[in-house]
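Only one structure is covered here, and it is reproduced in the block below.
Every read-out reported here was derived from the displayed coordinates using simple, explicitly stated rules and does not represent laboratory data. Here the structure is a predicted model, which means the values were calculated and not measured. Cβ atoms come from the backbone with ideal geometry, glycine included; neighbour counts cover every protein chain shown.
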Amino acid sequence: MGLSLKDKVAIITGASEGIGRALAKVLSREGASIVISARNETRLQELADEIKKDTEVLLIKADVSKQDDCSNLIQQTIAYFGKLDILINNAGRTMWCQFDEIQNLDILREIMETNFYGSVYCTYYALPHLYKTSGQIVAISSVAGLTGVPCRTIYSASKHAMIGFFDSLRVEVEPKGVHITIIAPDFVKSEIHKRALKGNGSSLGQTPMVEAKIMTAEECAELILKAIIKKQRLLITSKRGKIGRWLKMFYPSLVDRIARKAIEQKH
């Protein structure tokens, strides 16, 4: 029998858009109390207004690249709800340029601090409370964390780092009752692509993806919900990603060609 989310308290970082926003809606539908967090307070408030009819919602503005914001996120959650059952590390930044086209090295730090360090900071402050509830950590990584992806070198590095960290952490915390679920989505329709960083450090401003051919955030959230309920170890959301994981062991150059083609075709 799967995990019931009724009366569970879940934090979702990066909840203002995309996968995080969609997850807030499906978790609230399942009866969980939701803490939504991101930098865009206006979008968070719109989301809170939409889902508060189904569940109790706490809005906390936070930038996960800042350690103090992560600490405050957890402290406010505990002060309001008294417990924490699920931490969903979803906040992220991405890029769209080849490594030799990077002109501003600040994008390396910006991506790593949000995707990797943000997840680590939130997990660090959440763990003492998750031990008390035999809780769950959900790490939203990427298929780019399982293989190499051109034009996303630093993003891919941050997602590889997430998988390495949470795989290692699982060995430490699972005997203490905390479960870790790693999610590896393929391309998903999201605002993250519009905010992808170019080589000069500015945002693209428009999605480079052929969005009609990629999964919606809502579809992805439904798959993640099932993985959370089953306490699944790893979810890869696409057939291409699942096949690529195994091909990489035996035909790594073929996986390189598949990744290159996916970027060229933008889906």
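Average the reciprocal distances over every distinct pair of alpha-carbons in segment 1-152, invert the result, and give the Kirkwood radius in Å.
Values: mean 1/r = 0.0626 Å⁻¹.
16.0 Å is the Kirkwood radius here.
Here r is the Cβ-Cβ distance between Gln45 and Ser4 and R0 is 25 Å; the resulting FRET efficiency, rounded to 0.05, is 0.30. Per-peptide packing, taken as the mean over residues of other Cβ atoms within 10 Å, places 240-253, 127-140, 153-166 in the sequence 153-166, 127-140, 240-253 from highest down. When both segment 83-148 and segment 1-65 are represented by their alpha-carbon centers, they are found 17 Å apart. Taking amide H as placed 1.01 Å from N in the peptide plane, Ile182 has its amide H under 5 Å from the amide H of Ala139, Leu234, Leu235, each at least 5 places away in sequence or on another chain. Only helices enter this figure: runs of n ≥ 4 DSSP H residues, each worth -39500 (n - 2.57), summed and divided by the residues of the chain, yield -14500 deg cm²/dmol at 222 nm to the nearest 500.
Whole-Hz Karplus values for segment 105-118 come out as 6, 4, 5, 4, 5, 4, 6, 5, 5, 7, 6, 8, 4, x Hz, taken residue by residue from phi with 6.51 cos²θ - 1.76 cosθ + 1.60 and θ = phi - 60°; glycine and proline positions read x. Using the structure shown, list the pairs from Lys61/Lys231; Lys159/Lys213; Lys132/Lys159; Lys198/Lys226 with a Cα-Cα distance above 32 Å, or answer none. The answer is Lys198/Lys226. Working from the Cα coordinates of segment 9-265, the gyration tensor eigenvalues give, after taking √(5λ), semi-axes of 28, 20, 18 Å in decreasing order. Report, in degrees rounded to the nearest 10, the 0 to 90 angle that the Cα long axis of helix 252-265 makes with the longest principal axis of the chain. Its long axis makes an angle of about 90 degrees. Computed from backbone phi, the HN-Hα couplings of segment 59-66 come to 9, 10, 6, 7, 10, 5, 6, 9 Hz, rounded to whole numbers (Karplus: 6.51 cos²θ - 1.76 cosθ + 1.60, θ = phi - 60°; Gly and Pro given as x). Here's the picture: a label point sits 7 Å out from the Cα of Ser203 along the beta-carbon direction, and within segment 101-135 the residues with their amide nitrogen under 18 Å of it are 106-115.
Arg260 to Ile229: extension gain in nm, 0.36 nm per residue of separation minus the Cα-Cα distance? Intermediate results must be reported in sequence, preceding the final value.
Details: separation 31, 0.36 × 31 = 11.16 nm, distance 3.42 nm.
Gain in length upon complete extension: 7.7 nm.
Taking every DSSP beta bridge that has both ends in segment 9-265, the antiparallel portion is near 5%. In this rough spin-label picture, where each label sits 7 Å from Cα along the Cβ direction, the Glu219-Tyr251 distance is 2.4 nm. Rounded to the nearest Hz, the phi-derived 3J(HN,Hα) couplings of segment 126-131 under the Karplus curve 6.51 cos²θ - 1.76 cosθ + 1.60 (θ = phi - 60°) are 7, 3, x, 7, 5, 4, where x marks glycine and proline.
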